[in-house]
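Written out below as structure tokens is the structure these notes cover.
The values are calculated or read from the model by the stated rules, or taken from the named source; none is laboratory data. Keep in mind the model is a prediction, meaning the values are calculated, not measured. Glycine gets a Cβ as well: all are built from the backbone with ideal geometry, and neighbour counts include every protein chain shown. Each accessible area value is taken on the protein alone, full model and side chains, heavy atoms only, with ligands, DNA and RNA left out. Shrake-Rupley method; radii C 1.70, N 1.55, O 1.52, S 1.80 Å.
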Amino acid sequence: MLDETTTPLTPREDIAPAPADSPAPSPSPRTTVWLTRLLVVGLVLAAVNLRPAITSLGALLEDVRAGLHMSGSVAGVLTSVPALCFAVFGVTAPRLARRFGPGAVVCVGMVAITAGLLIRPFTNGTAAFLAASALALMGIAVSNVLMPVIVKRYFPDRVGTMTGLYSMSLSAGTAVAAAATVPMTAALGGSWRLGLGLWAVVAAVAVLPWAALLVRDRRSAATRAGGEEERKQAPAPAPAPRIARSRTAWALGTFFGLQATGAYITMGWMPQIFRDAGVPAGTAGLLLAVTMVMGVPLAFVIPRLATRMRNQGPIVIALGACGLTGYAGLFLAPAAGAWLWALLLGISNCAFPLALTMIGMRARTGPGVVRLSAFAQSTGYLISIPGPLLVGVLYQHSGGWKLPITLMAGLMVPQIVLGVVAGRDRTIEDEC
């Protein structure tokens, strides 16, 4: 079990980004404090920028469709592109991290997000808009995978605290982008192009700490360049585990996918469920905001609690019970208990920071964390793609929400079972 102590920050040698990394002289206390603060700032700013590219577009999708003469079918495909990009590009993160180091890849990821967000509002066609969006999503995908790796490498004794801070920042960025994009667009004269482009400024700020860390790493590497003989004598790193052989990896990847499915369905369809039940449109929007805001404080608390437990199964069950109760409420009395159902589903959606925490706890070594993070997130996002589309099809053909809500509740059952399996006190290295 990981201990939430406040030990000085020192990179773990067993998870160095490349075999050439050799032990460096111990940094001075002042340097260590500076590096720790810079990494914390970098993690927070990176997390804040991992969802605005998606939620800001959702807030202005109708304006974008009109401005680019985008068909409804293309707009529907656009809503599934993020999960697809996360799955496809996330697979490349382990190889890139081994070649260049995780910090350098995250830095380039922030640059890609900035470039994509800057370019796409000023495109004049659907194809160019999709390409610019894919560029930003590529940066998000590799950063998604490598954030747990950064936490495990630099904060091995504070995985829960740092994962919680990262998850809370991600939730805050998601909620702020969803809530603030439309008012900011109105303040800028109503131009959806300016409203979307403004988020490129926020992303550009996130580049700065990672660029500073990259410069620092390059200087440290140059200082160690004379120790070639010592590096040759260093033992070879342990071979990376074959991730597909691990039951824990498959359980964690499927758990990640099912929780992502529930989250995307909730974000995409919950306001419509309430509106069809007679809840005013403005109130339905506030109910979705309540669901999203619940992730901010709980995303900090749950990872800290999870790292103090040898088995995270009880947390999985508690979150799943909240989800099942929320879906039961939507099925039986969606309007009468709307605020309670929104609150319970917001708690249930906090399976996301729990999954991130378990990624860091289910592997002992750096190669293991990198591969597990890429495998779990890529597999999970692939699983999540059809969920929101299937709910829409069921809603259209059944003419109501009884069948879609039954499906949503049904998916919660395997999510609980697989989460309990993934939460067992073991690592993928024990199974590969």
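Computing the accessible area with a 1.4 Å probe over protein heavy atoms, can you report the carbon and sulfur percentage for region 242-281?
Using a 1.4 Å probe with all protein chains present, region 242-281 comes out at 53 percent carbon and sulfur.
Averaged per residue, what accessible area in Å² does the chain show with a 1.4 Å probe, protein chains only?
The answer is 42 Å² per residue.
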task: With a ≥ b ≥ c taken as the square roots of the eigenvalues of the C-alpha gyration tensor of region 123-166, please select rounded if a/c is under 1.5 and otherwise prolate if a/b is larger than b/c or oblate if it is not?
output: prolate
- prompt: Along the charge dipole of the chain, Cβ charges K/R +1 and D/E -1, which of Val393, Asn49, Leu288 sits furthest on the positive end?
  reply: Asn49
- line: Only helices counted: for the chain, with every DSSP H run of 4 or more residues adding -39500 (n - 2.57) and the sum spread over all residues, [θ] at 222 nm is -25500 deg cm²/dmol
Dimensionless Rg/Rh of region 294-432 - Kirkwood Rh, Rg from C-alpha atoms: 1.02
- prompt: Most mobile of Leu372, Leu194, Leu252 per a Gaussian network model of the chain (Cα springs, under 10 Å)?
  reply: Leu194
- prompt: Just Ser171, Ser80, Ser398 to compare: in a GNM of the chain, with alpha carbon springs under 10 Å, which one fluctuates most?
  reply: Ser398
task: Would you work out which of Ala93, Ala328, Ala306 lies farthest towards the positive end of the dipole of the chain, given +1 charges on the beta-carbon of Lys and Arg and -1 on that of Asp and Glu, about the Cα centre?
output: Ala93
For the chain, size of Cβ-based charge dipole, Lys and Arg +1, Asp and Glu -1, in debye: 520
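Less than 9 Å Cβ to Cβ from Ala249, Lys/Arg counted +1 and Asp/Glu -1: what total charge do the surrounding residues give?
+3
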message: Projecting each Cα onto the charge dipole of the chain (Lys/Arg +1, Asp/Glu -1 at the beta carbon, about the Cα centre), which of Val201, Trp269, Thr248 comes out farthest on the positive side?
response: Thr248
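Quick check: from the Cα gyration tensor, does region 276-318 come out rounded (a/c under 1.5), prolate or oblate?
It is oblate, given that a/c is not under 1.5 and a/b is not larger than b/c.
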task: Using a cut-off of 13 Å between beta-carbons, work out the net charge of the residues near Thr126 (Lys and Arg +1, Asp and Glu -1, Thr126 not included).
output: +2
field: Linear extension gain, Ala277 paired with Leu38, 0.36 nm per residue minus alpha-carbon span
entry: 81.2 nm
task: Set the Förster distance to 41 Å, then compute FRET efficiency between Ala333 and Phe122 from the Cβ-Cβ distance, nearest 0.05.
output: 0.30
- request: In square nanometres and to one decimal, what's the mean projected area of the convex hull around the Cα atoms of the chain?
  value: 20.5
- request: Determine, at each q value in 0.27 (inverse angstroms), the log₁₀ of I(q)/I(0) that the Debye formula gives when each Cα of region 146-189 is one equal point scatterer.
  value: -0.87
Cα gyration tensor category, rounded, prolate or oblate, for region 45-122 with a/c compared to 1.5: prolate
field: Net charge of neighbours whose Cβ lies under 14 Å from the Cβ of Trp199, counting Lys and Arg as +1 and Asp and Glu as -1
entry: +3
query: Based only on the alpha carbon positions, what is the Kirkwood hydrodynamic radius of region 303-375, in angstrom?
result: 13.7
